[in-house]
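> Provided herewith is a single structure, encoded as C-alpha cells, for subsequent inquiry.
All of the numbers you see were taken from the coordinates with simple rules; none came from a lab. In this text the structure is predicted, and so the values were computed from the model without any measurement. Here the Cβ is made from the backbone with ideal geometry for all residues, glycine too, and neighbour counts use every protein chain on show.
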C-alpha cells in the first residue's frame with residue numbers, strides 16, 4: 001500500500017474515532033478529517049482543533065491558519081503553499097471545548113493526547129516529511145521535551161534525521177509575542193524556515 005492509500009484509510013479512521021467520547025473526556029466527539037494532499041512537503045502539528053475548525057471541519061480554519069500562512073509567505077513560499085503542500089494536523093483531533101474559566105480553549109489532557117497519538121505516528125510514517133513545524137508549546141513539548149518557548153523558537157532541532165522547527169501559538173491572541181525579544185525569536189524562526197525552504201527544496 002502506498003503512502004496516499006495509507007492516508008486515505010487513516011482519514012476514514014480519524015472520522016470514525018469516538019475514543020475520547022467513550023472514555024468520558026468529551027461529550028460529543030467531532031474529529032477533524034485530514035486534508036488529502038498529493039505530495040506534502042511539510043507536516044505542521046498544532047495542539048488541538050479550535051472552535052472555528054470544529055464548525056468548518058478542516059484544520060486551522062480560524063485566525064491561526066491566517067497567521068501561519070502569512071509566516072510562510074514571509075519565508076518566501078509561493079502563494080497557496082500553506083493549504084496545498086503543508087499537511088495540517090494536531091496532537092488531538094477533536095475540539096476540546098472551552099476552558100472551565102471561559103478564557104480560551106481547554107487544554108487536552110495527556111490521556112486524550114495518548115488516545116490520538118497513533119494517528120499522528122501513522123501520518124509521520126506515511127509522509128516521512130522533510131520538515132515538521134511544531135506550533136505552540138504543547139506540540140513543541142510533545143516532541144522536544146519541556147522547555148521555555150524562548151529556548152526553542154528560532155532554532156532547528158534534528159532528531160532521527162528529521163528537521164523540527166518550533167513556532168509560537170499562532171492564534172493572534174498569544175501574549176508571548178507581545179514582547180520585543182520574542183518577536184525577534186519569531187523573526188529568527190522565519191529566517192530559518194526560509195533557509196530550509198531552499199536547503200531542503202521544499203518549494204516547487
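> Could you work out the per residue convex hull volume over the alpha carbons of segment 31-72, in cubic angstrom?
Per-residue hull volume (Cα only) is 80 Å³.
> Pop a pseudo-label 7 angstrom from the Cα along the beta-carbon direction at both residue 18 and residue 187 and give the gap in nm to one decimal.
Between residue 18 and residue 187, the simple spin-label model gives 5.2 nm.
> Quick one: length gained pulling residue 203 to residue 118 fully straight, 0.36 nm per residue minus the C-alpha distance?
27.7 nm
> With no solvent and one point on each alpha carbon, what is the Debye value of log10 I(q)/I(0) for segment 76-165 at q = 0.13, 0.25 Å⁻¹?
For the requested q values the scattering log ratios are -0.53, -1.41.
> Now, a different point. Pulled fully out, how much extra length does the chain show between residue 150 and residue 30, if you take 0.36 nm times their separation in residues and subtract their Cα-Cα distance?
39.8 nm
> Quote the FRET efficiency, to the nearest 0.05, computed for residue 158 versus residue 1 with a Förster distance R0 of 22 Å and r equal to the Cβ-Cβ distance.
0.15
> Let me know the volume per residue of the alpha-carbon convex hull for segment 3-199, in Å³.
It is 116 Å³ per residue.
> Sticking with the crude label model, points 7 Å out along Cα→Cβ, report the distance from residue 9 to residue 39 in nm, one decimal please.
The two pseudo-label positions are separated by 2.4 nm.
> Which percentage, to the nearest 5, of the DSSP beta bridges contained in the chain is antiparallel?
Of all bridge pairs located within the chain, approximately 20 percent are antiparallel.
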